[in-house]
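Asker: Questions regarding the structure given below will be posed in turn.
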Amino acid sequence: MPKHETPLMDELEKGPWPSFVSDLKRQAEKNPQCWDIVGQMELSFKDRMTHWKHGGIVGVFGYGGGIVGRYSDVPQQFPGVAHFHTVRLNQPSSKFYRTDILRKLCDLWERRGSGMTNFHGSTGDLILLGTRTEELEPLFYELTHDLEWDLGGSGSNLRTPACCIGKARCEWSCYDTQATCYGMTMKYQDEIHRPAFPYKFKFKFSGCANDCVAAIARSDLSAIGTWRDNIRINQDEVKKYITGDNVANGGGIPGKGEKFDIQKEVIDLCPTGCMWMEGDTLKIDDAECTRCMHCLNVMPKALRPGVDQGASIMMGAKAPILDGAQLGTLIVPFIKMDPDNEFEELVDVIEKCWDYWMEHGKNRERLGETIQRVGLPTFLRVMELEPIPQHVKEPRSNPYVFWREEEVEGGWQRDVKEFRAKHAQ
Amino acid sequence: MGYDPQNPMKDRITDIGPPHYEKMFPQVIKDNYGKWLYHEIVKPGVLKHVSETGAECYTVRVGSARLLSLEFIREVCDVADKHCDGVVRWTTRNNIEFMVDAESKVQPLLDDLAGRGNKFPVGGTGACVSNVVHTQGWLHCHTPATDASGVVKAVMDELFDHFTNMDLPAKCKVALACCLNMCGAVHCSDIAILGVHRKPPMVDHDAITGLCELPLAVASCPLGAIKPATVKDSSGKEIKSVKVNADRCMFCGNCYTMCPAMPLADPEGSGIAILVGGKVSNTRSGPTFSKLVIPFLPNTPPRWPETVAAVKNILETWAANARKYERVGEWAERIGWEKFFEITEIPFTDKSIDDYRLAYDTWRTTTQFKFTSHIK
Ligand code: HEM
Ligand code: HEM
Ligand code: HEM
Ligand code: SF4
Ligand code: SF4
Ligand code: SF4
Ligand code: SF4
């Protein structure tokens, strides 16, 4: 039975898109707290303001993250949500679930929490939404013992890594995104659970430049799959696209139903102009290709990534707070991502970066901001990387170079008296 | 055994990480890992992946509200048990994917989903509006300038046909974040809906002593708008507190995050800004940020008609004018932003001219421009 009058919320039960209000009400039959969620949201809709208070520190023993505290600012009216903490579970890489484990999780959360979830949080965690402080320890116990499942990150630590579906179901994945994501998650459990960084740090793994987990926009360190040899071309399949026997874009972009035109839709849109037809044979000047994925997306049956595959490492992406958003900056153009040597090359990059950032990063400074503050040349030196043109879009246009003393012949120590001896004042 | 409150550290298990992903795979994924050759989108919401072994995997993608109840998840499990050997998957954009290993199993699955009311809209593939990545809003956060789930529901009800069809020039990614923190990383979306405040924080002098460390509150402001001050609280007692230089404030809410005695949300002051033209993928052009085109729309629950209309206008104008493959930002850049404002009939205001740090990067420093209606 509904506990509150909620005419505004009820309005959102109409319409074709799935309604979270109907869903909340459905769960309320089992978890009556849900009536208070709907009730408090109704009040927010009326007041046009939130009714949640500042978090407060809650958690489980030994962990500095994984739980976000939350309290209602109208607890008398809505006692069911007086405490309403979030539990972040580390999702399995690329988010496949067996139903037996999901059902166990449902039973657990029905007893220990509100019965509501987010599948998933923006970082990737499976979010259990809303429970009381005294439930946290028992919940953690049952989670680790009965489901063999651990919490994700929150706070100034390594946030839960995430990856695209990769080799599990995508033909373009240039390295094993799941194995990398899981491998790094397990290797850095301590960094995920016990905040010791200046601020948050995110890893995201995309198998190709389509970047389905938006790694380049939001992770301090992203690995984006690429290759350094030639696009594999199947000329017979190219011909079938031209004749219309193959459907471009796998059928995903029908447009207005016009006939496929390889010149207009592929060759002219190649950003580097490195493709052309010789008769009915497609040619690519691979040395000029920047592996943007456009032609592969349009003709998936005909074109495949090369076989010498690896990843580009971008660093320092972040949302705008405070100095403005940053996209990931190319730091390592190509490394091999090899599960057999436990991703040695990647680990080396990660740890060099952390060593520096943990010592030199200021409190609440994301890696991207540290790099801006100290300058990319300094950061490249820290990473022991040769500066190359790939690190910039274009050379700088101001001449304000920070020369270092050891780079200047004779150093900086000079005798002004000697100068004066030749140059009268 | 179970948890023993007297002895919480007994048998404690920590740092075991998530369940291993391989345990979660269906057979066809396990067998064909890394062997996929190509894919097709058979119809909106239905993907077909073909392996070099000849195996096929059919995926039915459905939208979801992201805020999900356990009863709903159990229903998802029922569907997966019946059709998909007990495996289901979620995508990054909050869609649910049901996978089967033969074409003959697709239609029964689709029929089953269709028979469950409006809970499982099939779509979200190819040149569509995929599901809206979003944050918590009034459902669970203390800093929002707008709601999340409610706005998303209102927007998706209106754009529904673009989710279930592939009738756009390219894909269009819509995202929502309810404050400038942007937990959802909306800053690279084709259309971003962003909660913004417009009133500087109030200072609750009666509460500040107990709630905040004053130096942290002062340091929290990126623009140096907060200064220590000696003031009288409501009982007339002199206390140490802070004052805000309102002219310097950019309404980021960072102070409230550090100091709960400085609330800034307001029914009239807070609302929504619309940013467009961002992109994450590297296809053709590189990734780009979304740009602010509508600085403010009011919070009008339960259905936010102004925001819904603005999103729809941008989407439909782009769809009618862009070339095939052109994302919203690529289109706007080709025609020029002055044309964008003219065609969409969005009023251009000084709020779209950058005056924050590095602002100069976006000012026009060439004599090339188009004579649109803006030039009187
Ligand atoms: C200074 C910047 C930020 C602050 C102060 C901040 C603060 C918060 C707070 C208070 C919550 C809790 C909401 C709740 O009660 O459930 C939250 C949730 C979350 N934040 Fe942030 N956030 C920031 C930036 C980001 C960014 C840039 C991302 C991702 C790119 C992010 C990802 C998340 C995720 C995944 C959640 C879980 C809730 C959800 O998915 O909606 N945060 N953040
Ligand atoms: C750090 C950068 C620059 C420095 C230190 C600099 C310095 C100078 C100095 C000392 C003079 C006077 C020379 C004299 O006594 O006749 C001068 C003249 C001039 N500079 Fe620059 N300049 C700089 C950049 C530029 C740039 C970027 C431009 C143009 C795009 C420019 C255009 C001129 C012009 C047009 C004159 C006048 C020359 C003339 O009238 O004969 N300068 N600059
Ligand atoms: C033109 C650019 C893009 C193309 C051609 C493209 C293509 C694809 C394809 C073929 C799939 C299916 C993969 C599979 O599950 O088998 C896919 C999935 C997906 N894409 Fe993209 N993609 C593009 C850009 C993006 C971008 C920029 C994002 C994110 C901001 C994105 C997010 C996703 C998501 C969330 C999925 C679902 C799979 C997952 O969760 O890992 N895509 N994309
Ligand atoms: S990022 Fe590339 S490899 Fe990964 S799922 Fe997307 S298209 Fe496939
Ligand atoms: S991947 Fe991009 S740059 Fe390379 S050939 Fe194809 S369209 Fe051109
Ligand atoms: S975007 Fe802002 S208001 Fe929304 S969940 Fe994140 S911190 Fe809270
Ligand atoms: S809202 Fe932001 S800019 Fe305004 S006073 Fe607070 S911290 Fe400073």
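Asker: Determine if region B:250-264 includes at least one residue that is more than 16 Å from ligand 2 (Cβ to nearest atom), part of a strand (DSSP E or B), more than 8 Å from every other protein chain (Cβ to nearest Cβ) and crowded, with 18+ Cβ neighbours inside 10 Å.
Answerer: Checking region B:250-264: not a single residue is more than 16 Å from ligand 2 (Cβ to nearest atom), part of a strand (DSSP E or B), more than 8 Å from every other protein chain (Cβ to nearest Cβ) and crowded, with 18+ Cβ neighbours inside 10 Å.
Asker: Restricting region A:215-236 to residues that are in contact with a strand residue (DSSP E or B) (Cβ under 8 Å, 6 or more places away or on another chain) and farther than 30 Å from A:C353 by Cα, which is farthest from ligand 7 (Cβ to nearest atom)?
Answerer: A:Q235
Asker: I'm trying to understand the selection: among the residues of region A:113-142, which are more than 27 Å from the chain's Cα centre (by Cα), under 18 Å from B:G17 (Cα atoms) and either more than 8 Å from every other protein chain (Cβ to nearest Cβ) or hydroxyl-bearing (S, T, Y) (or both)?
Answerer: Across region A:113-142, the qualifying residues are A:L136, A:L139, A:Y141.
Asker: Does region A:180-190 include one or more residues that are in contact with an Asp or Glu (Cβ under 6 Å, 6 or more places away or on another chain) and assigned by TED's automatic domain parsing to the domain that holds A:E344?
Answerer: Scanning region A:180-190 turns up at least one residue that is in contact with an Asp or Glu (Cβ under 6 Å, 6 or more places away or on another chain) and assigned by TED's automatic domain parsing to the domain that holds A:E344.
Asker: Oh, and also: Quick test of your reading of the structure: A:I321 fulfils all but one of (1) free of Cβ contacts under 8 Å to residues at least 12 places away in the same chain; (2) within 14 Å of another protein chain (Cβ to nearest Cβ); (3) touching a Pro at 6+ places or on another chain (Cβ under 9 Å); (4) away from ligand 6 (no atom under 16 Å from the Cβ). Name the failing condition by number.
Answerer: (4)
Asker: Give me the pairs, please: first residue somewhere in region B:146-159 and within 13 Å of A:L8 (Cβ to Cβ), second residue anywhere and in a loop (DSSP other than H, G, I, E, B) and of a type in the set (S, T, Y), beta-carbon distance under 9 Å, and either six or more positions apart or on two chains.
Answerer: Sorted first by the residue in region B:146-159, then by its partner, the pairs are B:D147/A:T50; B:K153/A:S19.
Asker: Here's another thing I want to ask about it. Would you check which residues across region A:316-330 are surrounded by fewer than 23 Cβ atoms within 10 Å (Cβ to Cβ) and within 16 Å of ligand 3 (Cβ to nearest atom) and list them?
Answerer: A:A319, A:A325, A:L327
Asker: Regarding region B:159-182, can at least one residue be identified that is closer than 18 Å to A:A325 by Cβ, among the small types (G, A, S), out of contact with any helix residue (DSSP H, G or I) (no Cβ under 7 Å at 6 or more places or on another chain) and more than 7 Å from chain A (Cβ to nearest Cβ)?
Answerer: Checking region B:159-182: not a single residue is closer than 18 Å to A:A325 by Cβ, among the small types (G, A, S), out of contact with any helix residue (DSSP H, G or I) (no Cβ under 7 Å at 6 or more places or on another chain) and more than 7 Å from chain A (Cβ to nearest Cβ).
Asker: B:V280 is checked against (1) surrounded by fewer than 22 Cβ atoms within 10 Å (Cβ to Cβ); (2) touching an Asp or Glu at 6+ places or on another chain (Cβ under 6 Å) and fails just one. What number does that condition carry?
Answerer: (1)
Asker: Wholly within region A:138-255, which helices (runs of 4 or more DSSP H) include no fewer than the required count, namely at least 3 residues that are within 16 Å of ligand 1 (Cβ to nearest atom) and of a type outside the set (S, T, Y)?
Answerer: Of the helices (runs of 4 or more DSSP H) lying wholly inside region A:138-255, those with at least 3 residues that are within 16 Å of ligand 1 (Cβ to nearest atom) and of a type outside the set (S, T, Y) span A:215-218.
Asker: Now a separate question. What number of residues within region A:129-177 satisfy the criterion of being hydroxyl-bearing (S, T, Y) and in contact with a Cys (Cβ under 8 Å, 6 or more places away or on another chain)?
Answerer: 2
Asker: Let me ask you something else. Scan (1) within 16 Å of ligand 4 (Cβ to nearest atom); (2) over 30 Å from the mean Cα position of the chain (by Cα) for the single condition A:Q235 breaks and write down its number.
Answerer: Among (1) within 16 Å of ligand 4 (Cβ to nearest atom); (2) over 30 Å from the mean Cα position of the chain (by Cα), the lone unmet condition for A:Q235 is (1).
Asker: Can you list residue pairs whose Cβ atoms sit under 8 Å apart, with the first residue in region A:66-80 being free of Cβ contacts under 8 Å to residues at least 12 places away in the same chain and the second being surrounded by 18 or more Cβ atoms within 10 Å (Cβ to Cβ) and outside any loop (DSSP other than H, G, I, E, B)? Count only pairs 6 or more apart in sequence or on different chains.
Answerer: Sorted first by the residue in region A:66-80, then by its partner, the pairs are A:P75/A:V81.
Asker: Something else: Of all residues in region B:183-205 being closer than 24 Å to B:W304 by Cα and surrounded by fewer than 24 Cβ atoms within 10 Å (Cβ to Cβ), which is nearest to ligand 5 (Cβ to nearest atom)?
Answerer: Per the stated criteria, the residue is B:C183.
Asker: Does A:F78 fit the bill of being farther than 25 Å from B:G195 by Cα, surrounded by fewer than 21 Cβ atoms within 10 Å (Cβ to Cβ) and touching a Phe, Trp or Tyr at 6+ places or on another chain (Cβ under 9 Å)?
Answerer: No, not satisfied.
Asker: Checking B:K240 against (1) in contact (Cβ under 8 Å) with a residue 40 or more places away in the chain; (2) away from ligand 7 (no atom under 16 Å from the Cβ); (3) of a type outside the set (F, W, Y); (4) more than 9 Å from chain A (Cβ to nearest Cβ), only one condition comes out false. Which one?
Answerer: (1)
Asker: With A:I313, A:I371 as the choices, which residue is surrounded by 16 or more Cβ atoms within 10 Å (Cβ to Cβ), closer than 30 Å to B:L216 by Cα and touching a strand residue (DSSP E or B) at 6+ places or on another chain (Cβ under 8 Å)?
Answerer: Every option except A:I371 fails the conditions.
Asker: Turning to a different aspect of this structure: For region A:269-319, give me the residue count where each residue is away from ligand 1 (no atom under 16 Å from the Cβ) and assigned to a loop (DSSP other than H, G, I, E, B).
Answerer: Number satisfying all stated conditions: 25.
Asker: Here is a further query. Answer yes or no as to whether B:G54 is over 28 Å from the mean Cα position of the chain (by Cα), small (G, A, S) and under 14 Å from A:S173 (Cβ atoms).
Answerer: No, not satisfied.
Asker: Select from region A:324-334 the residues that are away from chain B (no Cβ under 14 Å) and closer than 19 Å to A:K202 by Cα and list them in ascending order.
Answerer: A:I331, A:V332
Asker: Follow-up. Counting only residues that are closer than 23 Å to A:A248 by Cα and more than 15 Å from ligand 5 (Cβ to nearest atom), how many does region A:208-234 have?
Answerer: Result for region A:208-234: 1.
Quick grid of which residues meet (1) in a loop (DSSP other than H, G, I, E, B); (2) on the phi > 0 side of the Ramachandran plot; (3) aromatic (F, W, Y); (4) within 16 Å of ligand 1 (Cβ to nearest atom):
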{"site": "B:V76", "(1), (2), (3), (4)": "no, no, no, no"}
{"site": "B:D85", "(1), (2), (3), (4)": "yes, yes, no, no"}
{"site": "B:R89", "(1), (2), (3), (4)": "no, no, no, no"}
{"site": "B:R93", "(1), (2), (3), (4)": "yes, no, no, yes"}
{"site": "B:L109", "(1), (2), (3), (4)": "no, no, no, no"}
{"site": "B:A127", "(1), (2), (3), (4)": "yes, no, no, no"}
{"site": "B:H142", "(1), (2), (3), (4)": "yes, no, no, yes"}
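The values are calculated or read from the model by the stated rules, or taken from the named source; none is laboratory data. Everything numeric here is computed off the predicted structure, so don't read it as measured data. Neighbour counts run over all protein chains shown; Cβ positions are idealised from the backbone, glycine included.
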